[in-house]
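Undergrad: Take this structure first; my questions come after.
Computed from the coordinates by the stated procedures, all read-outs in this text should not be read as laboratory data. These figures come from a predicted structure and were not determined experimentally. Ideal geometry is used to build each Cβ from the backbone, glycine not excepted, and the neighbour counts take in all protein chains shown.
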Amino acid sequence: MHNPLQRAAYFIDALYHSGVKHAVISPGSRSTPLTLAAAMHPGLTKKVVLDERSAAFMALGIGKESGSPAALICTSGTAVANYMPAVTEAKESGTPMIILSADRPPNLRGIGSSQTVDQIKIFGDQAVFFHEAGEPALEYDDIARLKLLSRQAVESSIKKGGAAHINLPFRKPLEPTSVLLNEVIRGFDNHKKKADPVNTSSATIHPDEELTKMINQSEKILIIAGPSNPQSALNHQLTELSNLLNCPVIAEPGSSISDDHIIDRFDSLLRNGVHQKELKPDLILHFGDQPFTKPILSAIEHWDDVPIIQFLGRDTWQDHFKKIQNRIVLNSNDFFDIQQIKAHSSGKWLKSWQTRNDSAADRLETFLKNSVKLTDGHIFNSISKKLPKNWNVMLSNSYPVRDMAQFGFPLKHQFVNRGAAGIDGILSTAAGVALSSSKPVCCFIGDLAFLHDSNALFSLKQLPNPVVAVVINNGGGTIFNMLPVYKMLKDLEKAHLFEEYFLTPQDVDIQFLANASKLPYMRVERLEELDALNLQSMKNSTIVECVTDAAASMNLRESL
């Protein structure tokens, strides 16, 4: 086992049999043993990505869609440091991921050797698990340790929700002899190719007497669903409770909830002070991570005396207003016992929400029809309305995730990077979702976020399922118009400072980028072009640039 390839092959196979199905590999020299071992493994799906930052977000997308970690493989030095943004998002959103970083051996560290940096716990507390694997050894104990390490990494990444980092130092020679290479290939061929199932425990969570009493005595219960991964045990539990309690459901983008009681125009309702007051619940059941849309946060703040029971898919604290009464953590196979909870037969409370919701929907349609300019709202309303149900959706941060709440429709398979809520890595995450699933992906993304992750364009063409990137080109970071600094600088007649340092309008030719990546391109500038858009006909990854009127878009948001 002293040869680097033998050890890497054993560890890669152990990871596979612990539940890892995907490997995202960035080229490098020091990682040669890991790369060859993954490349030759017959059970792994492999993807080569030049840019390590993009690779990490692709692994993030795989983890979000599948609920299982992908293995990231990179060389030493700055390569591993480029994983940090995705590692941060993985930790904050509870998404599994495994990092296999090749490293220089200890005798080359700390003496100025080329491409050698301190990789020990390089991600700090952002990683949920770390282990320095040490150099290959001949002892049987080293083999047993690698097998245990594979289980530790997979289980830690899933149960703790985040990146497990294993640092593996290798000495030269890194390349195997042809005899050894063939020996490793034969070993893979003779080994069973099917991965062992990941052992997961389940438990039935019984509500205590106080919690049961709180639910049973409440007549106006409101369910709020924040972001959660599709595999979460929360989704089924939410549907069961909403049916039993006959109550309205507010499902934020990224909650991956499909329920008959969903109030899809909640954004407009809760922006209205009268509706917010008249629709005040006496109990909130909050599922998933912290809500992020401003109307929900505003309503919760104003409903300061309304108790909240929180259901989480992982053991983390999500309590922005510091008013959660009870926390219930449901792991992937856990079940919340509802036998002692009484059914709410009266539909009066739900009907009051639905009636207002219908009126808000009619009002939205009227505003959209009366607009002669193409706005961001038109994009989300039109595309989400006619998007096939079997498509996945990726929503960029900034305006897209908010505009889907205000103008779009609830879609079951929605993905968001709301853990750290950055605009980086959105296209790469969408590519990971496409790689993991058997479904196409529609990615709604702003022009700045698109440019920020343009390296991902080179990966989109080689995916088994298309990613259609709907780029909302509204002239830069228009979301900053909502900040006080916009009005302050405008009043001081310093608007040029706002444009230069906050709005940052770009004049990059998006069609040129698409052409350079050999991707099909479409441009939408008029309402009739949007109406004619048919994403379902796109069999390959495509860039759809929608040029919208920023001022008209802002006016539409404010009018609702």
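Undergrad: Let me know the charge dipole size of the range 205-352 about its Cα centre in debye, to the nearest 20, where only the beta-carbon of Lys, Arg (+1) and Asp, Glu (-1) is charged. It would help to have the intermediate numbers written out before the result.
TA: On the way: 14 positive and 20 negative charges, 86 e Å.
Computed about the Cα centre, the dipole is about 420 debye.
Undergrad: Would you mind giving the average projected area, over all directions, of the Cα convex hull of the range 424-525 in nm² with one decimal? It would help to have the intermediate numbers written out before the result.
TA: Values: hull surface 29.2 nm².
Answer in nm², one decimal: 7.3.
Undergrad: Would you mind counting up the charge near R327? Only other residues with Cβ under 15 Å from its Cβ, with Lys and Arg at +1 and Asp and Glu at -1.
TA: Surrounding charge for R327 is -3.
Undergrad: For the chain, just list the percent of Cα-Cα distances falling in each 10 Å bin from zero outward, please.
TA: Computed distribution, short to long bins: 3, 17, 25, 24, 18, 9, 3, 0.
Undergrad: Follow-up question, since we're still on this one. Give, as a single signed number, the net charge of other residues whose beta carbon lies under 11 Å from the beta carbon of S541, with Lys and Arg counted +1 and Asp and Glu -1.
TA: Numbers: positive: K461, K518, K539; negative: none.
Around S541, the charge tally is +3.
Undergrad: So, by mean Cβ neighbours within 10 angstrom, what's the order for 86-94, 409-417, 543-551, 517-525 with the highest one leading? Display every interim value, and only then the final one.
TA: On the way: 86-94: 26.0, 409-417: 22.7, 543-551: 20.7, 517-525: 16.9.
Going by the mean number of other Cβ atoms within 10 Å, highest first, we get 86-94, 409-417, 543-551, 517-525.
Undergrad: Next up: Of the listed peptides 63-76, 95-108, 282-295, what is their order by residue-averaged count of other C-beta atoms within 10 Å, with the highest listed first?
TA: Numbers: 63-76: 26.7, 95-108: 23.6, 282-295: 22.0.
Going from most to least packed, we get 63-76, 95-108, 282-295.
Undergrad: Each residue of the range 309-315 in turn: what ³J(HN,Hα) in whole Hz from Karplus with 6.51, -1.76, 1.60 and θ = phi - 60°, glycine and Pro shown as x?
TA: 9, 10, 10, 10, x, 7, 7
Undergrad: Now for a different question. Cβ under 11 Å from S436's Cβ, S436 left aside: what net charge do those residues give with Lys, Arg +1 and Asp, Glu -1? Let's see the in-between values first.
TA: Working: positive: K21, K47, K64, K439; negative: E65.
Net charge around S436: +3.
Undergrad: Still on this structure, I have one more. Which of the listed residues, F266, A449, A550, is farthest toward the dipole's positive end in the chain, when Lys, Arg count +1 and Asp, Glu count -1 at the beta-carbon?
TA: Comparing the listed Cα positions along the dipole, A449 ranks first.
Undergrad: Write down the Kirkwood hydrodynamic radius of the range 4-190, to one decimal in angstroms, obtained as one divided by the mean of 1/r over all alpha carbon pairs. Intermediate values should be presented prior to the final figure.
TA: Working: mean 1/r = 0.0621 Å⁻¹.
16.1 Å is the Kirkwood radius here.
Undergrad: Further, regarding this structure: Calculated from DSSP H runs of 4 or more alone, at -39500 (n - 2.57) each and per residue, what is the 222 nm mean residue ellipticity of the chain, nearest 500? Let's see the in-between values first.
TA: Numbers: 23 runs with 222 residues, N = 560.
It comes out at -11500 deg cm²/dmol, rounded to the nearest 500.
Undergrad: With a/c under 1.5 counting as rounded, go ahead and sort the range 205-352 into rounded, prolate or oblate using the C-alpha gyration tensor (a ≥ b ≥ c being the square roots of the eigenvalues; past the cut-off, prolate if a/b is larger than b/c, else oblate). Provide the component values of the computation, followed by the final result.
TA: Numbers: a/c = 1.39, a/b = 1.19, b/c = 1.17.
Rounded, because the longest to shortest axis ratio a/c is under 1.5.
Undergrad: Y501 versus V372, label points 7 Å from Cα toward the beta carbon: distance in nm?
TA: Label at Y501, label at V372, 3.9 nm between them.
Undergrad: Taking square-rooted eigenvalues a ≥ b ≥ c of the alpha carbon gyration tensor, is the range 371-559 rounded, prolate or oblate, where a/c under 1.5 means rounded and, failing that, a/b exceeding b/c means prolate?
TA: Working: a/c = 1.72, a/b = 1.53, b/c = 1.12.
Judged from the Cα gyration tensor, the range 371-559 comes out prolate (a/c at least 1.5, a/b above b/c).
Undergrad: Which of the peptides 437-443, 220-226, 51-57 is most tightly packed, and how do the rest follow, judged by the mean count of other Cβ atoms within 10 Å per residue? It would help to have the intermediate numbers written out before the result.
TA: Details: 437-443: 22.0, 220-226: 24.1, 51-57: 26.7.
Highest mean packing first, the order is 51-57, 220-226, 437-443.
Undergrad: Moving to a separate point now. What is the total of Lys pairs in the range 371-559 with C-alpha atoms under 22 Å apart, excluding same-chain pairs fewer than 8 positions apart?
TA: 19
Undergrad: What percent antiparallel are the DSSP beta bridges of the range 371-559, to the nearest 5? All intermediate terms of the calculation are to be shown ahead of the outcome.
TA: Details: 0 of 23 bridges.
Just about 0 percent of them are antiparallel.
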